[in-house]
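Shown next, in structure tokens, is the structure this report addresses.
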Amino acid sequence: MVKLTTTSASGWMNKKTKIKLILGSASPFRKKLLEEAGFVFDVKTADIDEKQIRHEDFKKLVLRLALAKRDAILEKYTLHPNSILITLDVVGVHNGKLREKPISKKEVISWHKEYSKGKTIIHCAIVAHHVGRNKTLKAVDTTSIIWRKIPNRIINQMANDPITYRAAAFTDRAFLHYVKELDGSIDTVIGVPVRILEEFLEKLGYF
């Protein structure tokens, strides 16, 4: 593995290429996944109003959201030219209905009761932008889920857990224990398709 080191002012870099990696997300799930994959990075947040960005095609919607986060971070911060900014977004679609971050207990409960009926599609957009080269790579990865029935007591516990409202569609607790079939990558469900990220970083000269 390539050694990683810190800089005093601008965050973390690949020691070999001296390219800094920036995660444009406040998600604790994404942060944990990337750390477990061996990446070291700075974190910047976009703080956009996602509800103001809409599209009837959900794959195009999730990509628009990830690109909007990129644009917002580039406008908000002065990033080192030798940096790669990673922004992402996830939406769930259950039986054709959009599932983003829930906003109420009622939504959490009704969504999780529906999941055992039909199929949930997860779209995850990933955008990698090299600041100095002004070059962006982008993709949308898709995973589908068939669920077991989630007990009402578990659903009620999740509805009372604040972290439930920080993830699109469903919680990691629901996913880890009540998925019957998964067609695709667990990383995509969590919110970072690592294999695509590694391909993009290689193309942008990080490795």
Want the number for Glu199 to Asn160: 0.36 nm per residue separation, take away the alpha-carbon distance, what's left? 10.2 nm
Compute the angle between helix 58-76 and the longest alpha-carbon principal axis of the chain, please, reported from 0 to 90 degrees and rounded to the nearest 10. 40 degrees
What order do you get for Tyr165, Tyr206, Tyr115 when you list them from fewest to most C-beta neighbours inside 10 Å? Tyr165, Tyr206, Tyr115
Going 7 Å from the Cα of Ala139 in the Cα-to-Cβ direction, what parts of segment 52-83 have a backbone nitrogen less than 16 Å from that spot? 63
When Asp172, Asp42 are ordered from fewest to most other Cβ atoms inside 10 Å of their Cβ, what list results? Asp172, Asp42
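If the limit is 18 Å between Cα atoms, which of Lys51/Lys97; Lys59/Lys138; Lys60/Lys119; Lys31/Lys119; Lys135/Lys203 go over it?
Long pairs (Cα-Cα over 18 Å): Lys60/Lys119; Lys31/Lys119.
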Helix 194-203 sits at what angle to the longest principal axis of the chain, using alpha carbons and giving 0 to 90 degrees rounded to 10? 20 degrees
Measuring from centroid to centroid over Cα atoms, what is the spacing of segment 104-147 and segment 29-101 in Å? 10 Å
For 148-154, 137-143, ranked highest to lowest by mean beta-carbon neighbours within 10 Å, the order is 137-143, 148-154
Here the relative contact order (percent) of the chain, from C-alpha pairs under 8 Å and at least 6 apart, is 21 percent
Relative to the longest principal axis of the chain, what angle (0 to 90°, nearest 10) does the C-alpha long axis of helix 105-114 take? 70 degrees
With the cut-off at 1.5 for a/c, could you classify segment 4-203 from its C-alpha gyration tensor as rounded, prolate or oblate? prolate
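For segment 32-94, rounded, prolate or oblate, judged on the Cα gyration tensor with a ≥ b ≥ c (square roots of eigenvalues), a/c < 1.5 rounded, else prolate if a/b > b/c?
Oblate is the answer for segment 32-94, as a/c is 1.5 or above yet b/c matches or exceeds a/b.
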So in segment 4-203, what percent of DSSP beta bridges are antiparallel if you round to the nearest 5? 85 percent
Going from the fewest other Cβ atoms within 10 Å to the most, one would list Lys119, Lys97 as Lys97, Lys119
Using just the helices of the chain, give the 222 nm mean residue ellipticity in deg cm²/dmol: DSSP H runs with n ≥ 4 each add -39,500 (n - 2.57), and the total is spread over all residues, rounded to 500. -9500 deg cm²/dmol
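Values in this text are rule-based calculations from the coordinates and carry no lab data. Every value quoted in this text rests on a predicted model; they were computed, and no experiment measured them. Because the Cβ atoms are built from the backbone with ideal geometry, glycine has one as well, and the counts that use them run over all protein chains shown.
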